[in-house]
Every structure is written in C-alpha cells, then in structure tokens.
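**Q** Pasting in a structure now, in structure tokens, and then I'll have a few things to ask.
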Amino acid sequence: MLTTAHRRRLVRVGAAVAASAFVLTACGTAAETSADTPTAQVTVPGAYGEVTVPVTDQRVWALDPSTATELLMIGVRPTHSGRFTHQGDAAFEARHDLLARESVALVEPDKLELVVQARPVLIVGAQSPSSDELMAELKKIAPVFVVKGSATWKETLIQLGQVTGRDRQAAAIVAHLDQRTTAVRASLNKAGLTGESVSLMSACGAGSFCAYGSGRAAGPLLTELGLTRPAAHGQDKSDTEYGYTMVSEEKVGELVAPIVFVLTGSVQHGAPNPLDNPLFKLGDAKVAEVDFGAWFGAASFDVPWILADIRAVLLDDGEITGREAGPALFDALRKAAG
C-alpha cells in the first residue's frame, strides 16, 4: 500500500503533468509537430507487459543513468537522464561522471513536468520502484519502454537496440563482451577453478540479507564463466522481480561457498558488514568485497567491471574496480559498437 507521502507525491506529480500538458496542447505534442516523427514501430516485452513503441534514436528520455549510459554506447544521445537516488556506489558515481562528460543533463527522477517540457518521442528505462510508481503518469507523456528488473544484461542491451534502431551496435557490444568472457573463462579453467561454487550476497538492512540469483549481469556471467551457485541463492527463481531473494539472519550461513563476493554500498542501508556477523562462518573461503552498483547492475557497462573484479580476486590479476575506471570501460564498449 502506498504511504500518505507517496500518495501526496503522486497527486503533485499528476497535477504538474496535467498542467504542463495543457500548456503544450496548443502547440501539439512532440510526435504531432516533429517532421522527424518515426513511422517504424516495434513490439517488445517489458517490465509491465508487451508494449509497442516507435523506433527512434531522437529525443529519447532516459529514466536512469544506467539506461542513459547504454544508449550513449550504441550511439543514441538521450535528452536527459534521471539521476540515481542511491549514494556510495562506485559504478553509479562513475555513470554520473560519464553523463557529465557527455553533457547529458541529470534531473531528479520524479520531476515529470520536465519530461513533459522536453517533449520526448520515447521514454526508456530500467524497472525500479520509481518506475513502478510513475508508470501511469509517464504513459500520458510519450510511449514508454521499461526493461524488466530481472532482465540479463544482454536482454537489456538488445532491447534498447531494438527500440532505437541500433540493433547492429548492440549486437557488436554483445559479441565483444562474449569474447572477453571466453578469455576469462579459459584463464579460470587453467587455474582449476571451473565448477567452483560462488556466493553473491549482501546485507540488505538490519537483520536481513540478499542472495543474488541468475538474472541481471553477474548471474549469467558467472554461469558463462563455468562457475556454479549455492542452492540457497534461488537461481531457479530467475523471474524474481529484481533478481534477488531475501534471507533471514538465522539462515545467513547457507550463503557461504568456497568463493564469496560480498556486495557493499547503498544496499546495506546502514547495516553492519556481513563479514562481521558470527553466523556467517567463512572458514577458508576466498572472500572479496565488491561494488553493489556494478554487481547488481543489468547493463553491458557492468560486465567488464565484474570481469575485472573476478580476474583480480580469483586470478590475482589487477585490482578491484573503482569509480575511476568508468571512462575507460565506457570508451572501450562504445568503440566496440562501431
């Protein structure tokens, strides 16, 4: 149930959208007035069901920095991007840095009056609690495509390519990252790590923990690398809305594996590090703390970040990835797109 504060915000947002739409009506909508209005359409499965949207790479509004970064990689410059509301995650901060470098304006994600004023032809984004809340109002402004929260990075990129007509560029990035993944898999196999069980987990508030499954970027990547997952991670629940399952404190010991990646950052919500919990008995497990923003990501930008972390932890090759690595990772992917 929505809280009173949420109801008030929705009323405020709805009123702002209605007022802005009334002001713009005399001039027509963006789709009605533009000589470049797209005629091609595509039907794609999204977070809220199957949708049919125009195929366009012009006047695209990105709901979040992850989507905006992916669009830039395949040659689409979004008019604006909603900013991340989380703080303290290196991959999120790296994306903000990149969007500033590329002169893409960041705005508060619930300022829908700004979306109206921008007159987008298409609104795209990744599923989030914010998109869940604002979807009804967004659809009043322009066609909307939101990627499902549990989608893999390949699904995300391919679908963004479909709705923008940049299928070729998206496919080129997929092929590039598949080659990089294959190279890391060969190194892991040579090191005798094929088949090892890997736990992805984090604190998710006081007394609660999250186990990350087979979706988004990290889940399928670990499988492609020849690594396995503990049964407690719910990898058979890939349709879980956001790609994770909650675990109570008394069962946190079930998340131990020979290799453990602990996702740290905003996801903790101020809770203690799981490594300090006496019930999380690691024994001789190989353990590393990694960035929540990248490892819970669902975008191609997250893949080389995760691969670099895996090389650092399991192959003693390099260091854990940080915010400063963002530009080089992005530039390499944009170059791969051609």
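**Q** If you restrict to DSSP beta bridges whose two residues both lie in the stretch 187-337, what percentage is antiparallel, to the nearest 5?
**A** Percent antiparallel among DSSP bridges in the stretch 187-337 is about 40.
**Q** OK, next. Quick one: putting +1 on the C-beta of Lys and Arg, -1 on the C-beta of Asp and Glu, what dipole do you get for the stretch 31-172 around its Cα centre, in Debye to the nearest 20?
**A** Here the stretch 31-172 has a charge dipole of around 300 debye.
**Q** Rounded, prolate or oblate: pick one for the stretch 236-338, where a ≥ b ≥ c are the square roots of the eigenvalues of its C-alpha gyration tensor, a/c under 1.5 means rounded, and failing that, prolate if a/b is larger than b/c, else oblate.
**A** Prolate, because a/c is 1.5 or more and a/b exceeds b/c.
**Q** If we count every other residue with Cβ under 11 angstrom of Arg323's Cβ, Lys/Arg +1 and Asp/Glu -1, where does the sum land?
**A** Local net charge: -4.
**Q** So which trypsin sites (Lys or Arg not before Pro) in the stretch 205-292 are both in a DSSP loop and have at most 11 other Cβ atoms within 10 Å of their Cβ?
**A** Sites meeting the loop and neighbour criteria: Lys281.
**Q** Give Lys251/Lys286; Lys148/Lys281; Lys148/Lys335; Lys154/Lys251 a once-over and call out the pairs whose C-alpha atoms are over 30 Å from each other.
**A** Pairs exceeding the cut-off: Lys148/Lys281; Lys154/Lys251.
**Q** Hey, another quick one. Non-local amide H neighbours of Gly149 (under 5 Å, H modeled in plane, Pro and chain starts lacking H): which ones?
**A** It is Gln127, by chain and number.
**Q** Test of the criteria: in the stretch 185-266, which GluC sites (Glu not before Pro) are in a DSSP loop and have at most 14 other Cβ atoms within 10 angstrom of their Cβ?
**A** When the GluC sites (Glu not before Pro) of the stretch 185-266 are filtered for loop state and at most 14 Cβ neighbours within 10 Å, Glu241 remain.
**Q** Amide H to amide H under 5 Å from Leu263: which residues, 5+ apart in sequence or cross-chain, H placed 1.01 Å off N in plane?
**A** For Leu263, the qualifying residues are Met201, Ser202, Val290.
**Q** Can you tell me the length gained on complete extension of the stretch Asp97 to Ala312, counting 0.36 nm per residue apart and subtracting the Cα distance?
**A** Net length gain for the segment: 75.0 nm.
**Q** Let me ask something additional. Find how much the distance from Glu249 to Ala231 grows on full extension, using 0.36 nm per residue of separation minus their present alpha carbon separation; answer in nm with one decimal.
**A** Full extension of this stretch gives 4.8 nm more.
**Q** When the chain is modelled as a GNM with alpha-carbon springs shorter than 10 Å, which of Gln159, Gln169, Gln117 fluctuates the most?
**A** The residue with the greatest mean-square fluctuation here is Gln117.
**Q** Explain nothing, just compute: Karplus ³J(HN,Hα) = 6.51 cos²θ - 1.76 cosθ + 1.60, θ = phi - 60°, for every residue of the stretch 272-282 in order, whole Hz, x for Gly and Pro.
**A** Whole-Hz 3J(HN,Hα) from phi for the stretch 272-282: x, 5, x, 5, 8, 7, x, 7, 9, 7, 8.
**Q** Something else about it: How many nm separate the modelled label positions at Arg77 and Arg168, each set 7 Å beyond the Cα in the direction of the Cβ?
**A** Those two pseudo-labels are separated by 2.1 nm.
**Q** Give me the extension gain from Glu50 to Thr85: residue separation times 0.36 nm, minus the current Cα-Cα distance, reported in nm with one decimal.
**A** That works out to 9.8 nm of additional length.
**Q** In whole Hz, what ³J(HN,Hα) sequence does the stretch 122-130 give by Karplus (6.51, -1.76, 1.60; θ = phi - 60°), x for Gly and Pro?
**A** These are the phi-based 3J(HN,Hα) values: 8, 10, 10, x, 9, 4, 7, x, 5 Hz.
**Q** So, in nm, how far is label Ala175 from label His269 when the simple model puts each one 7 Å beyond its Cα toward the Cβ?
**A** 4.4 nm
**Q** Which whole-Hz couplings ³J(HN,Hα) result when phi for each residue of the stretch 62-71 is put into the Karplus expression 6.51 cos²θ - 1.76 cosθ + 1.60, θ = phi - 60°, listed in order with x for Gly and Pro?
**A** 9, 6, 8, x, 4, 5, 4, 5, 4, 4
**Q** Same structure, new question: Compute a Gaussian network model of the chain, connecting alpha carbons closer than 10 Å, and tell me which residue from Gly215, Gly49, Gly125 fluctuates the most.
**A** Judging by the Gaussian network model, the answer is Gly49.
**Q** What shape does the chain take by its C-alpha gyration tensor, where a ≥ b ≥ c are the square roots of the eigenvalues and a/c under 1.5 counts as rounded, a/b above b/c as prolate, and the rest as oblate?
**A** prolate
**Q** Let me know the shape class of the stretch 147-189, please: from the alpha-carbon gyration tensor, a ≥ b ≥ c as square roots of the eigenvalues, rounded when a/c is under 1.5, otherwise prolate if a/b is greater than b/c, or oblate.
**A** In terms of gyration-tensor shape, oblate.
All of the numbers you see were taken from the coordinates with simple rules; none came from a lab. For clarity, every value in this text was computed on a predicted model and none was experimentally measured. A quick note on method: Cβ atoms are made from the backbone with ideal geometry, for glycine too, and the neighbour counts reach across all protein chains shown.
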